[in-house]
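Report on the following structure.
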2 protein chains.
Amino acid sequence: MKELKDRILKDGKVLGNGILKVDGFVNHQVDPQLMDACGRELAKRFASVGATKILTAEISGIAPALTTALHLGLSVVYARKTKPITMPDQVYLTLAPSHTKGRMVELIVSPEYLSHGEKILIIDDFLASGATILGLARLAEASGAKVVGIGALIEKSFEGGRVALASLGVQIESLACIASLDDNKITFADLAV
Amino acid sequence: MKELKDRILKDGKVLGNGILKVDGFVNHQVDPQLMDACGRELAKRFASVGATKILTAEISGIAPALTTALHLGLSVVYARKTKPITMPDQVYLTLAPSHTKGRMVELIVSPEYLSHGEKILIIDDFLASGATILGLARLAEASGAKVVGIGALIEKSFEGGRVALASLGVQIESLACIASLDDNKITFADLAV
């Protein structure tokens, strides 16, 4: 998606160790118009998978999941990383390694909002190693729901997430696929921006 | 706002100790259409305050802040509660008590995204004691920005937040103002739903 790639080239910063800083428009400061355009595009790509609900992880998945949900007319559930007092004692919980925190984090969803027979579209800001998304898929499956698609704003293909997710057998879409951040340079997988 | 109040009466649950559970449509599962309608209404109410940016706190402030920002055509900054590795060493940081966590939490904003001369509209899901919003206002002021308005989806007027925020001298709006949760009953401040 040209609009997102252009913005990554303009405002993204390569911090080293495979880390791309996009907190000027995705995950600290958010550009709502860009996020809405991304949501519209993801909704278009997943229009025919029959999703009944969108699942994401707090915190930075919320914005793209919300705008995608707006365009698909679906509810969003965001997995919590700490259990709030409003959540029942029995929950779906799994662990996933956090790239930016350097430790395992919990992903928790209340059984009130994931149920058997639902068709889940997973949306997140990044598809990197795929570990967070695999965690979300485990939560969906634990509830008896079925994952029907996976969408991300930014894929770092050099971290192998698409391979890690292949066993789910669903459509995977990213709006900007980065093949390399070597030498502090952003190289997209398809060279045409 | 009738649509929000109706939904609170239909799906909100009073858990005792002044806690209203709205995680079926606000802060775990999110109803994007309702959130968009709330954002449109907040945007209308703050159309003339001259805001240049919206500030909120992760996690549950993100959805209403994003939809309000969409309708006002502004960027959103959400204060982080833990400092990600993508953030510079020098940050604006303040502490605020968390009602649902029962402890103090940090609110952190990068100086990259708050600056002198900006006019800040603070949006959050709840206005209860006002402590989180006061924390956001301190961050804005530390950067030299000026708070020009405060909006929340749900106000719990019995917790006194509006009084605590009065010294800021700005317009304060809530879309559903709850006067009491006594006897597990939701009573709105204006009795007409």
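The values are calculated or read from the model by the stated rules, or taken from the named source; none is laboratory data. As the structure is a prediction and not an experimental result, all values here were calculated from the model. Neighbour counts are summed over all protein chains in view; Cβ atoms, including those assigned to glycine, are modelled from backbone coordinates with ideal geometry.
For the range A:42-64: of the residues being farther than 17 Å from A:Val148 by Cα and of a type outside the set (A, V, I, L, M), which is surrounded by the most Cβ atoms within 10 Å (Cβ to Cβ)? Step by step, filter the range A:42-64, then rank; the result is A:Pro64. The set of residues in the range B:25-43 that are at the interface with chain A (Cβ under 10 Å from one of its Cβ atoms) and either farther than 23 Å from B:Asp190 by Cα or among the acidic types (Asp, Glu) (or both) comprises B:Asn27, B:His28, B:Gln29, B:Val30, B:Asp31, B:Pro32, B:Gln33, B:Asp36. Scanning the range B:87-131 for residues that are out of contact with any His (no Cβ under 8 Å at 6 or more places or on another chain), hydroxyl-bearing (Ser, Thr, Tyr) and over 23 Å from B:Ala47 (Cα atoms) yields a total of 4. Being surrounded by fewer than 17 Cβ atoms within 10 Å (Cβ to Cβ) and touching a Ser or Thr at 6+ places or on another chain (Cβ under 6 Å), is that true of even one residue in the range A:172-184? Within the range A:172-184, one or more residues are surrounded by fewer than 17 Cβ atoms within 10 Å (Cβ to Cβ) and touching a Ser or Thr at 6+ places or on another chain (Cβ under 6 Å).
Taking (1) small (Gly, Ala, Ser); (2) at negative phi; (3) free of Cβ contacts under 8 Å to residues at least 24 places away in the same chain in turn, B:Gly169 satisfies each apart from (2). Summed over the range A:92-104, residues that are touching a residue at least 12 places away in the same chain (Cβ under 8 Å), over 15 Å from A:Ala140 (Cβ atoms) and more than 8 Å from chain B (Cβ to nearest Cβ) total 4. Return yes when B:Val30 is surrounded by fewer than 22 Cβ atoms within 10 Å (Cβ to Cβ), more than 16 Å from B:Leu127 (Cβ to Cβ) and touching a helix residue (DSSP H, G or I) at 6+ places or on another chain (Cβ under 6 Å) and no when it is not. So B:Val30 does not fit the description; no.
When A:Leu107, A:Leu70 are screened for being free of Cβ contacts under 8 Å to residues at least 40 places away in the same chain, on the phi < 0 side of the Ramachandran plot and either among the hydrophobic types (A, V, I, L, M, F, W, C) or more than 9 Å from chain B (Cβ to nearest Cβ) (or both), only A:Leu70 passes. One residue stands out in the range A:14-24 among those that are surrounded by fewer than 20 Cβ atoms within 10 Å (Cβ to Cβ) and at the interface with another protein chain (Cβ under 8 Å from one of its Cβ atoms): the one that is nearest to A:Leu72 (Cα to Cα), namely A:Lys21.
For A:Val76, the criteria (1) farther than 30 Å from A:Asn17 by Cβ; (2) not in a strand (DSSP E or B) hold in every case but one, which is (2). For the range B:101-121, the candidate set comprises residues that are farther than 16 Å from B:Gly144 by Cβ and surrounded by 15 or more Cβ atoms within 10 Å (Cβ to Cβ); within that set, the residue that is modelled with the lowest pLDDT is B:Val105. For the range A:173-192, the tally of residues that are in contact with a Lys or Arg (Cβ under 6 Å, 6 or more places away or on another chain) and either small (Gly, Ala, Ser) or within 14 Å of A:Ile123 (Cβ to Cβ) (or both) stands at 2.
Suppose the filter is charged (D, E, K, R) and under 17 Å from B:Leu175 (Cα atoms); does B:Lys10 pass it? So B:Lys10 fits the description; yes.
Consider the range A:76-91 and keep the residues that are basic (Lys, Arg) and closer than 16 Å to B:Ile62 by Cβ. The one that is farthest from the other protein chains (Cβ to nearest Cβ) is A:Lys81. Quick check on the range A:138-145. Is at least one of its residues charged (D, E, K, R), part of a strand (DSSP E or B), away from chain B (no Cβ under 14 Å) and farther than 20 Å from A:Val14 by Cα? No, that holds for no residue. Check the range A:79-94 and report whether any residue there is closer than 28 Å to A:Asp36 by Cβ, surrounded by 18 or more Cβ atoms within 10 Å (Cβ to Cβ) and touching a Phe, Trp or Tyr at 6+ places or on another chain (Cβ under 6 Å). No. Within the range A:110-137, if we keep just the residues that are among the small types (Gly, Ala, Ser) and not in a helix (DSSP H, G or I), the residue that is farthest from the other protein chains (Cβ to nearest Cβ) turns out to be A:Gly130. Looking across the range A:5-29, not a single residue is in a strand (DSSP E or B) and closer than 17 Å to A:Gly151 by Cβ. Within the range A:44-64, is even one residue in a helix (DSSP H, G or I), in contact with a Pro (Cβ under 6 Å, 6 or more places away or on another chain), small (Gly, Ala, Ser) and facing another protein chain (nearest Cβ under 7 Å)? There is no residue in the range A:44-64 that is in a helix (DSSP H, G or I), in contact with a Pro (Cβ under 6 Å, 6 or more places away or on another chain), small (Gly, Ala, Ser) and facing another protein chain (nearest Cβ under 7 Å).
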